[in-house]
Amino acid sequence: HLTVLKIPNKSLGMFKGINFMKGAIKTRKHLTSLDVSSNHIGCTGSDDAVKCLYEAVENLSFLTTLNISNNRLGINGIERLSDLLNKLSSLTTLDVGANDFRVNGTKYLS
């Protein structure tokens, strides 16, 4: 079983690639680590890419590490992420560095 998937720096958000990858990620039920850093997921100004990411990982019950750093996630994206954190009880490591949610967004991560 595939347990680690790294897809950094592929511009998935900009080209709606995250929607394509959603199917591939969802079928990898045994993933323990997912890296989709530097993919511009939040840069389109809409929640579509963030929603696709949410739907891709929401049922990955073995996921312990999620790297979504450097994706230009704003307040809306990080708020959506907070909902996801409640579903991912196995998650022990979350990297959200270099995003655009600033100090106000950190309240959604607590």
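Restricting attention to region 62-79, does a residue exist that is exposed (fewer than 14 other Cβ atoms within 10 Å of the Cβ) and of a type in the set (S, T, N, Q)? Looking through region 62-79, none of the residues is exposed (fewer than 14 other Cβ atoms within 10 Å of the Cβ) and of a type in the set (S, T, N, Q). Count of region 80-110 residues, restricted to those that are part of a loop (DSSP other than H, G, I, E, B), among the aliphatic types (A, V, I, L, M) and loosely packed, with under 14 Cβ neighbours inside 10 Å, is 1. Could you tell me whether residue 66 is touching a strand residue (DSSP E or B) at 6+ places or on another chain (Cβ under 9 Å) and not in a helix (DSSP H, G or I)? Yes.
Bear in mind that the values in this text are calculations on the coordinates, not laboratory data. In this text, all values refer to a predicted model and were calculated from it rather than measured experimentally. All Cβ positions, even for glycine, are placed from backbone atoms using ideal geometry, and neighbour counts span all protein chains on display.
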